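**Student:** Submitted below is the structure of interest, expressed as structure tokens.
The values are calculated or read from the model by the stated rules, or taken from the named source; none is laboratory data. Remember, it's a predicted structure, so these values are computed and weren't measured experimentally. Cβ: placed from backbone, ideal geometry, glycine included. Neighbour counts: every protein chain shown.
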Amino acid sequence: MDLFADTNGSVVKAYLVLKTNGKSIPPNWIKRYKDSRKKREKDIIKILRKRDLLGITHLNEWETFYKKECFYNGIRILFELEWGGKTKR
């Protein structure tokens, strides 16, 4: 199951799917996507500085990881609000 694709990137839909299935988002999922995004930053800097349009694939990959990081972070925040009435983020 690819939660991001299955819910079209909707944080609320994903939260409801997970809640219905009795699941949550482990913090390491967010870290994994952040780490994946951060690993690409040196390449992204080079592409941006060179204005290299051939690097569009790398920019798209970076954007996907950024969107997934935000997506999973949003779901986690909804769970934190439910559990404790406030977030750690």
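**Student:** Select from region 35-59 the residues that are touching a Phe, Trp or Tyr at 6+ places or on another chain (Cβ under 7 Å) and modelled with pLDDT under 90 and list them in ascending order.
**Tutor:** SER36, ARG37, ARG40
**Student:** Based on what the data block shows, is ILE75 modelled with pLDDT of 90 or more, out of contact with any Phe, Trp or Tyr (no Cβ under 7 Å at 6 or more places or on another chain), surrounded by 15 or more Cβ atoms within 10 Å (Cβ to Cβ) and of a type in the set (Val, Ile, Thr)?
**Tutor:** In short, no.
**Student:** Take the residues of region 29-83 that are of a type in the set (Lys, Arg) and under 13 Å from PHE4 (Cα atoms): which is nearest to the chain's Cα centre (by Cα)? Let's see the steps before the verdict.
**Tutor:** Quick first cut of region 29-83, residues of a type in the set (Lys, Arg) only: 31-32, 34, 37-40, 42, 46, 49-51, 67-68, 76.
Within this subset, residues satisfying the condition of being under 13 Å from PHE4 (Cα atoms) are 67-68.
Values: LYS67: 5, LYS68: 2 Å.
In this case the residue turns out to be LYS68.
**Student:** If I go through region 5-26 residue by residue, how many of them are of a type in the set (A, V, I, L, M, F, W, C) and either surrounded by fewer than 17 Cβ atoms within 10 Å (Cβ to Cβ) or not in a helix (DSSP H, G or I) (or both)?
**Tutor:** Residues flagged as of a type in the set (A, V, I, L, M, F, W, C) and either surrounded by fewer than 17 Cβ atoms within 10 Å (Cβ to Cβ) or not in a helix (DSSP H, G or I) (or both) within region 5-26 amount to 5.
**Student:** Return the pair list, or none, for Cβ contacts closer than 8 Å from residues in region 10-39 that are touching a residue at least 12 places away in the same chain (Cβ under 8 Å) to residues that are among the polar types (S, T, N, Q) and not in a helix (DSSP H, G or I), at least 6 apart or on different chains.
**Tutor:** Here the result reads ALA14/THR7; VAL17/THR7; LEU18/SER24, each pair linking region 10-39 to a residue that is among the polar types (S, T, N, Q) and not in a helix (DSSP H, G or I).
**Student:** Please pick out the residue among TRP83, TRP29, TRP62 that is assigned to a helix (DSSP H, G or I), at pLDDT 90 or above and among the hydrophobic types (A, V, I, L, M, F, W, C).
**Tutor:** So the residue among TRP83, TRP29, TRP62 that is assigned to a helix (DSSP H, G or I), at pLDDT 90 or above and among the hydrophobic types (A, V, I, L, M, F, W, C) is TRP62.
**Student:** For region 52-80, which positions are touching a Lys or Arg at 6+ places or on another chain (Cβ under 8 Å) and without any contact (Cβ under 8 Å) to a residue 24 or more places away in the chain?
**Tutor:** ASP52, GLY55, HIS58, GLU61, ILE77, GLU80
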